[in-house]
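Here the structure comes first, spelled out in structure tokens, and everything after it is commentary.
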Amino acid sequence: MSIAQTTEMGGPNGPPKGTLRIKVPKQLSDTQAAWFLLAPLLIFFAISVVYPVIETIRLSFYDIRGLAPEKFDGWRNYVKLFSDPNFLTSLKVTFIWAISATFFSVTIGWGLAMLCSLNPAKTLVFRVMIFAAYGVSEAVSGFMWLGIYRPDYGLLNGILEGIGLSGWTQPWLGNPSTALGAVIVAYVWTQVGLPLMTCFASIQSIPKNLFEAAYIDGAKSGSVMRHIIAPLSMPGVRVAIFINLLNSLKAFDLIFILTGGGPVRSTETVGFFMYRESMLNFKLGYGAASTVILLIAVLIVSIPLIMKRTGDAK
Amino acid sequence: MKHRKTRSKTTLLGTAAILAGLTGQAMAQEGELVMINWLGGAQGEMMSKLQEDFEAKYPDVTVRNVVPQAGGDARGGIRAVLMGGEQADLLINTWPAFRAELIEAGLILPLDDSYASTDWGDKLGESWQALSTVNGENYGVTYTFGDRSGIWYRTDTMEKAGITPPETYQEFIGGFATLNDAGITPISVPAKVWAHAEWFESLLLRTAGAEYMTRLANGEASWTDDEVKVALQKWQEMLAANCCDDGNTMLALDWDISVDAALKTGDAAYVLMGMWLNTRAKQEYGDTPGADFDIFQFPTFGMGHDDESMVDAKEFNILSSVENREAADAFISYMLTADAAAIMAEYGLASPSTEVDLSIYDPVIQRSVSEVNSAEKLQFVLGDLLPGDLGSEYRVALQRFLQEPSDETIDTITAQLANVAKGVY
């Protein structure tokens, strides 16, 4: 719409000279309306996501050390990354971390969802409690697990000693061979609530008559879970895998608090490597190159899954 | 009578001149003083109190803090602030390697002219001025410091074991068996992130000296030198004498757990760390310095470097974006006064200013300050002198050593550090 000022005299009932007249434009097409409505979101997305990504890609081609001026360096940061043993270790750690964390989070969440679905009303409080852990910030969870794993007065070692397993006690976060596993356990605890909820929702959408038919035919709960609930809850499982995998690739806070990437870099993921190089060593270009590698990994994981979900929706 | 009149006139004129001078000095400083201030916790509170006191003394000056946002190492946040083009007059800095980076980027100013026109040089001894001097130009004014060669202990832990603070390395290492027999771990080494390096650095200071450490930090000496290996071998000896927990336990300990073990629970006898432990022990444990806990200097080794001390320090740098130089100079001058030192002493910290009477400090700080003041040479903490990459690799290399303190590990990690050093200088 536009507002025009007219200088012409109207008829006997027309507007007097110098008054405002509202000019109504022709109606917007659906496409124009869609762009019009999407515009604020697209502008926000461009500023908060697209620009930082482009800037990160640009920085990855520069040698930037501390506060010194940046120097164009071509592909050297990328070449150096793949010959840097610390980066290669972080890639390996990230792979183990992402696969293990996702596998255990989804498996446990899915299993709990199937069990809860046998009696939804009585398991409500339990589900809320498990999901609450997902809502707790990683930093808070980190400090809680730090107390559990403490080598001197930690809860875990205390329990092991209490049940006569003193030989099993150890500095869980100080031993390079147990540190990654210990952090994964803590991380799974924070993440299991999401697969529980998505899988439970998926199970709830299974038609009730299937269960009735199965029970009329004499099926036990185990058979119902194996032959009906498990296969028909797969859409929820796929969503959980997708979200948990992406979450695990960007996990940082918990690792920072529990181990700081140590001991001896045994828990240093690509995300943590990026932080160390960019924020501690302040090699912004080098850190940006590792960010781009992580971004590519995230896209490789997410694009096929998004396309599959979009295809399913169609 | 005439004589008395003349004397009165002279006195009056003199007094007026002094008053005019004082007023002129106070009036010259006005406006806003912008400070990049990343201090948190007790030290953050202390800085607020110092700023309030300064504002009371210079009512025409208002201090505004620019607080960098950073988790962990504050340098990341400070760099972001500076790269973002934030205008500020003063920066609080504690990392000599960072100071070098700021100089290279032309972000801080040399202060030699200010040293010449003020009394800073009279209030700061030569050792302190040397610490902030780079290539013959002085870029900083130290306002507080910590004795990093001091080993902290609880007095009742020592009584329980029946030993006294050792003076020599032989006494030190000889006491480990007695402490272990009493169920006390002699040393708690927090090797999770950075604090384990303190032990290596103190051993290197005693065996190779401050001059060698400076050369090593500047890339003029090699990590494969015998000096580095001898220091690591001394640590090997200590580990073989059961000084510490097993390697993996040390790698799981953050500094606060170790400090609790030594100064709160008494599970460990000694911990080597900075002066902030004094504040922690007083405020968090409710202990009395000198009575419940105390400090002794790193034992003597008889290798020619026993009168050298390792320190950390915080200094002010004047940024090249300074807009209120008069107020910046006035604030730095204020930080070297006895009034500022009295506020720092309340928080358990020490001032390097010669204007300060030691009696304002508690017995622990008094001991530390005396040791540092009487040291022939001062050496800044090595880890803070190393450039970023090397600093990170250095701490990880020492973690590897603690895991497996063998001769092979010493050869491997020193070669590895020499290799990293090649790429950073």
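The values are calculated or read from the model by the stated rules, or taken from the named source; none is laboratory data. Keep in mind that what you see is a predicted model, and the values were worked out from it rather than measured. Cβ: placed from backbone, ideal geometry, glycine included. Neighbour counts: every protein chain shown. The protein model used for the area step is the full one, side chains on, heavy atoms only, and it has no ligands, DNA or RNA in it. Shrake-Rupley method; radii C 1.70, N 1.55, O 1.52, S 1.80 Å.
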Across segment B:107-145, which residue is most open to solvent (accessible area, probe 1.4 Å) among those that are of a type in the set (D, E, K, R) and outside any loop (DSSP other than H, G, I, E, B)?
B:126
Within segment A:162-179, the residues that are surrounded by fewer than 20 Cβ atoms within 10 Å (Cβ to Cβ) and among the hydrophobic types (A, V, I, L, M, F, W, C) are A:163, A:165, A:168
Name, by its number, the condition in (1) crowded, with 19+ Cβ neighbours inside 10 Å; (2) in contact with a helix residue (DSSP H, G or I) (Cβ under 6 Å, 6 or more places away or on another chain) that does not hold for residue B:366.
(1)
For segment B:26-55, which residues satisfy the criterion of being at pLDDT 95 or above, surrounded by 15 or more Cβ atoms within 10 Å (Cβ to Cβ) and among the acidic types (Asp, Glu)?
B:53, B:55
So, residue B:76, is that one open to solvent by less than 10 Å² (accessible area, probe 1.4 Å), closer than 30 Å to residue A:272 by Cβ and without any contact (Cβ under 8 Å) to a residue 12 or more places away in the chain or not?
yes
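Working only within segment A:68-79, note down all residues that are surrounded by 15 or more Cβ atoms within 10 Å (Cβ to Cβ), in contact (Cβ under 8 Å) with a residue 24 or more places away in the chain and either among the small types (Gly, Ala, Ser) or within 27 Å of residue B:107 (Cβ to Cβ) (or both).
Within segment A:68-79, the first condition is being surrounded by 15 or more Cβ atoms within 10 Å (Cβ to Cβ), and the residues that meet it are A:73, A:76-78.
Then keep just the ones that are in contact (Cβ under 8 Å) with a residue 24 or more places away in the chain; that gives A:73, A:77-78.
Selection gives A:73, A:77.
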Answer yes or no as to whether residue B:221 is in a loop (DSSP other than H, G, I, E, B), open to solvent by less than 40 Å² (accessible area, probe 1.4 Å) and free of Cβ contacts under 8 Å to residues at least 60 places away in the same chain.
yes
Against the conditions (1) at pLDDT below 90; (2) at positive phi, where does residue A:303 fall short? Just the number, please.
(2)
Given the condition on the phi > 0 side of the Ramachandran plot and within 10 Å of chain B (Cβ to nearest Cβ), answer yes or no: does some residue in segment A:233-255 qualify?
no
Which one is farthest from the other protein chains (Cβ to nearest Cβ), of the residues in segment B:79-97 that are without any contact (Cβ under 8 Å) to a residue 40 or more places away in the chain and under 18 Å from residue A:277 (Cα atoms)?
B:80
Would you point out the residue of segment A:273-309, among those that are within 10 Å of chain B (Cβ to nearest Cβ) and not hydroxyl-bearing (Ser, Thr, Tyr), that is most open to solvent (accessible area, probe 1.4 Å)?
A:279
In segment B:385-408, residues that are open to solvent by less than 30 Å² (accessible area, probe 1.4 Å), in a helix (DSSP H, G or I), more than 9 Å from chain A (Cβ to nearest Cβ) and not hydrophobic (A, V, I, L, M, F, W, C) total 1
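Quick grid of which residues meet (1) within 14 Å of chain B (Cβ to nearest Cβ); (2) at pLDDT 90 or above; (3) surrounded by 14 or more Cβ atoms within 10 Å (Cβ to Cβ):
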site: A:6; (1), (2), (3): no, no, yes
site: A:46; (1), (2), (3): no, yes, no
site: A:61; (1), (2), (3): no, yes, yes
site: A:94; (1), (2), (3): no, yes, yes
Mind listing whichever residues of segment A:147-161 are surrounded by fewer than 19 Cβ atoms within 10 Å (Cβ to Cβ) and within 11 Å of another protein chain (Cβ to nearest Cβ)?
A:147, A:153
Exactly one condition in (1) within 14 Å of chain A (Cβ to nearest Cβ); (2) within 12 Å of residue B:330 (Cβ to Cβ); (3) among the aromatic types (Phe, Trp, Tyr) is not met by residue B:58; state its number.
(1)
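Looking for something under 30 Å from residue B:84 (Cβ atoms) and free of Cβ contacts under 8 Å to residues at least 12 places away in the same chain - is there at least one such residue anywhere in segment A:112-123?
As a first pass, look at segment A:112-123 and keep what is under 30 Å from residue B:84 (Cβ atoms): none.
No - not one qualifying residue is present in segment A:112-123.
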What's the number of the condition residue A:122 fails, among (1) of a type outside the set (Gly, Ala, Ser); (2) within 23 Å of residue A:193 (Cβ to Cβ); (3) out of contact with any Phe, Trp or Tyr (no Cβ under 8 Å at 6 or more places or on another chain); (4) not in a loop (DSSP other than H, G, I, E, B)?
(4)
Within segment B:176-198, can you find the residues that are more than 14 Å from chain A (Cβ to nearest Cβ) and open to solvent by 10 Å² or more (accessible area, probe 1.4 Å)?
B:177, B:178, B:180, B:181, B:182
